[in-house]
1. Go through the residues of region B:231-241 one by one and say whether even a single one is among the hydroxyl-bearing types (Ser, Thr, Tyr) and within 30 Å of A:THR42 (Cβ to Cβ).
2. Which one of the conditions (1) of a type outside the set (D, E, K, R); (2) under 30 Å from A:SER134 (Cα atoms); (3) modelled with pLDDT under 95 does A:LEU47 fail to meet, given that it meets all the rest?
3. Taking the criterion of being closer than 27 Å to B:GLY64 by Cα, open to solvent by less than 30 Å² (accessible area, probe 1.4 Å) and aliphatic (A, V, I, L, M), would at least one residue in region B:186-196 satisfy it?
4. Determine if region A:80-92 includes at least one residue that is under 30 Å from A:LEU33 (Cβ atoms), assigned to a loop (DSSP other than H, G, I, E, B), among the small types (Gly, Ala, Ser) and within 13 Å of chain B (Cβ to nearest Cβ).
5. Just one of A:THR132, A:THR205 is of a type in the set (Val, Ile, Thr), surrounded by fewer than 21 Cβ atoms within 10 Å (Cβ to Cβ) and out of contact with any Pro (no Cβ under 6 Å at 6 or more places or on another chain); which is it?
6. Please count how many residues of region A:1-49 are more than 10 Å from ligand 1 (Cβ to nearest atom) and touching a residue at least 24 places away in the same chain (Cβ under 8 Å).
7. Of everything in region A:172-190, what is within 16 Å of ligand 2 (Cβ to nearest atom), touching a helix residue (DSSP H, G or I) at 6+ places or on another chain (Cβ under 8 Å) and not β-branched (Val, Ile, Thr)? Give them in sequence order.
8. Within region A:85-95, count every residue that is closer than 20 Å to A:ASN112 by Cβ and open to solvent by 10 Å² or more (accessible area, probe 1.4 Å).
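The values are calculated or read from the model by the stated rules, or taken from the named source; none is laboratory data. Bear in mind the structure is a predicted one, so any value in this text is a computation, not a measurement. Glycine gets a Cβ as well: all are built from the backbone with ideal geometry, and neighbour counts include every protein chain shown. When the accessible area is computed, the model is the full protein with side chains, heavy atoms only, and any ligands, DNA or RNA have been set aside. Shrake-Rupley method; radii C 1.70, N 1.55, O 1.52, S 1.80 Å.
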Amino acid sequence: MIKLQGLTRKFNGLVAVDGLTFEVGEGEIFGLLGPNGAGKTTTVRMLCCLIKPTGGKAFVGGYEVGKDALRVREIVGLLPEAPGLYGELSAYRNLEFYAKLYGVPKRRREENIERFLKMLGLWGRRDDPVATFSRGMQQKLAIVRAMVHEPKVLFLDEPTAALAPESAKTVRDFILELKQERRTIFLCTHNLHEAERLCDRVAITNSKLIAIGSPSELEQKFGPSRTEIRLERVSRKIVDAVRRLKHVKGVEVVGDKLMVEVEDPEAANPVIVEAVVKHGGRVRYVARAVHALEETYLRLVRESEA
Amino acid sequence: MRPDRVWEIARKDMASVRRHKYVLYGLIGIPLIFAIFIPMASIYPVVTSEEPLDNKLPPFAQPGMAPKQAVVTGLANMAVLMFMFLPAAIPSTIASYTFVGEKVNRQLEPLLATPTTDLELLIGKGLGAFVPAMAATFASFAGLVAIVDVLTFPLFGYLLLPNLISAVVLLVYAPLVCLLSVSWSIFISSKVSDVRAAMQLGIVGIAPVLLFYFLFMGGIVSLEWMTLVAFGLVLASASAGLFALSKATFQREEILTKWR
Ligand SMILES: Nc1ncnc2c1ncn2[C@@H]1O[C@H](COP(=O)(O)OP(=O)(O)OP(=O)(O)O)[C@@H](O)[C@H]1O
Ligand SMILES: [Mg+2]
């Protein structure tokens, strides 16, 4: 559905996006991860035909970005970094305006506006001027605006930034619902937890593509494996015993938890637990360390910057 | 070009403008001043005063009439010419908000992402400034006509306005001046990123009107058909040139990066 071939954008000397090449399939939720200034917004803007690439090519829905700009714009929806709504107009009027520019027929327009506003919990406020909305409500309204013409491909630039946890959940559920309708969703995010939960595949970039794959693939391939063991009480003796074990690469104590870095968790974990118990440790639970993608991500970005 | 999209863009801008208090006050207040203040300050004193001396007539007095009528007709024509200031000044106030204001508020990005063509956007936004400016001009002119006729009917015994000059000014010059001003505003919106700066620069758009006005007041040109046609041609070519310039400036894929 989306295809990038060496897509590049320079801003007088600064290479914001450097030769990105990858594909996103139909119905896929794809996440673009990267630090600030990694070129995520620039990439999305190029794919929506808002700025011209300075090198390479890209295709969206089979249409070439730049050449078939009007066709591309017809089939994509965009949530930009800033919501950019018309504060003096009502929520409904904002949506109606965009729906008309996308040529959505009246019946369809009314149905869509109602359906999406209800899904994101804004229907009751439809007649209020947008200027009276909170930042989070504006963000949700801007997401509805991006969907009002039911685009095949939806670009979301940090959809849950500025949202409180329960709103973020509403938006994530909304995105998953859209996936059920086989829409292709391309999102930029800093929230790795979210990427892990939503995305079928992610790309980690820092101008250049660093890694690409499903979150679990990336963790397996690049991430350190960590096992988290929570004890009743951590003692020196236990820590030393664990550190001496063959499969263990490092141990860190965080409160009443041992964070053990291992090469092959499935082989190592039973041995570690045995050692802990033998040295008088009482195990409350054993788990794979969370934020695995986050660690992978941080390591890859650090390495790319080195 | 799809007229429904163009009109929707214009309609939305007009709705936005209606909700900007200061723009709205200007849109109502200035035409009101033009309609009432100008005739009351210029024509009323002459109508109510002594017959002026034949050899002391101002340069803009209409030749071939009794002195008082000549002065009043000249003043009425001047008031009519003044009306070109409205379509020259109003669009820049509106366009400052709907172009520069929207750029600053980052409202252009989602708009540029829609499948509208460059020309549709340009004309839609231009129309959003053109229509209210022309409406205000016509409404204000109707007020002027009423007041001038009430003041001058006893003197002339017929309705002084509307006359041929006012028809030319309203139906030919005003739209051209308006187009000139809109194009100029679009051009400067690509250069500035501050609503006030845009408004101040936008006022430069009244220059040709000002020039013509002073040429007439000083008696350097008179309102014969040659002058009228010449000025019309100057306006038409200037607005066509500026429109082409603003169209060339309006490079959609540069706006987000270069329009700062
Ligand atoms: N219009 C522009 N002119 C010059 N440089 C630009 C422009 N837009 C972006 N850049 C530069 O390109 C780089 C990438 O910016 P971009 O906004 O794409 O990053 P991002 O990944 O979206 O960052 P963030 O996470 O902060 O949103 C930055 O170094 C930025 O300064
Ligand atoms: Mg960004």
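1. Step one: of region B:231-241, the residues among the hydroxyl-bearing types (Ser, Thr, Tyr) are B:237, B:239.
Add one more test, that the residue is within 30 Å of A:THR42 (Cβ to Cβ), and what stays is none.
No.
2. A:LEU47 satisfies every listed condition except (3).
3. no
4. Going through region A:80-92, the residues under 30 Å from A:LEU33 (Cβ atoms) turn out to be A:80-85.
Next cut, assigned to a loop (DSSP other than H, G, I, E, B) only: A:80-85.
Filter once more, so that each one left must be among the small types (Gly, Ala, Ser): A:82, A:84.
Next, only the ones that are within 13 Å of chain B (Cβ to nearest Cβ) stay: A:82, A:84.
Yes: one or more hits.
5. On the way: A:THR205 fails: surrounded by fewer than 21 Cβ atoms within 10 Å (Cβ to Cβ).
Answer to the selection: A:THR132.
6. First pass over region A:1-49, keeping only residues more than 10 Å from ligand 1 (Cβ to nearest atom): A:1-8, A:18-31, A:47-49.
Then drop every residue that is not touching a residue at least 24 places away in the same chain (Cβ under 8 Å), which leaves A:1-8, A:18-22, A:24-31, A:47-49.
Counting residues in region A:1-49 that are more than 10 Å from ligand 1 (Cβ to nearest atom) and touching a residue at least 24 places away in the same chain (Cβ under 8 Å) gives 24.
7. Here is the first cut: in region A:172-190, the residues within 16 Å of ligand 2 (Cβ to nearest atom) are A:186-190.
Filter once more, keeping what is touching a helix residue (DSSP H, G or I) at 6+ places or on another chain (Cβ under 8 Å): A:186-189.
A:PHE186, A:LEU187, A:CYS188 - these are the residues of region A:172-190 that are within 16 Å of ligand 2 (Cβ to nearest atom), touching a helix residue (DSSP H, G or I) at 6+ places or on another chain (Cβ under 8 Å) and not β-branched (Val, Ile, Thr).
8. First, pick out the residues of region A:85-95 that are closer than 20 Å to A:ASN112 by Cβ: A:85-86, A:89-95.
With open to solvent by 10 Å² or more (accessible area, probe 1.4 Å) added as a condition, the list becomes A:85, A:90, A:92-93.
Residues meeting the conditions: 4.
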